[in-house]
Amino acid sequence: MNDSKVYVDVVVSFRKDGVMIPRLIIWEDGRRYEIDRVTDIRQAAAMKAGGQGDRYTIMIHGKRSYLFFERSSSLAGNNIGRWFVERKVA
């Protein structure tokens, strides 16, 4: 079994110090998952799906999960990066 990246829409808020805090994940089929809490933010690799970025440890309905922010290599424009989760592929 492999894991793959699934890019998702994420609603975020910004703290006054500029840190992004994800609040809601919108899955491919439109389902919405409210994030109860962010317990950790760190630079880390997505070990299962590959890639490097910021790993957010999040709680959704009492379950821990990881949400990754993959930063854009370009500093110009409005696209600063993309959000993804890891999905198991059979």
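The values are calculated or read from the model by the stated rules, or taken from the named source; none is laboratory data. Predicted model, so just to flag it, every value in this text is computed and none were measured. Heads up: the accessible areas ignore ligands, DNA and RNA and are worked out on the full protein's heavy atoms, side chains in. Shrake-Rupley method; radii C 1.70, N 1.55, O 1.52, S 1.80 Å.
Rolling a 1.4 Å probe over the protein heavy atoms leaves Phe14 with an accessible area of roughly 130 Å².
Between Ser13 and Ile26, the contour length at 0.36 nm per residue exceeds the Cα-Cα span by 3.2 nm.
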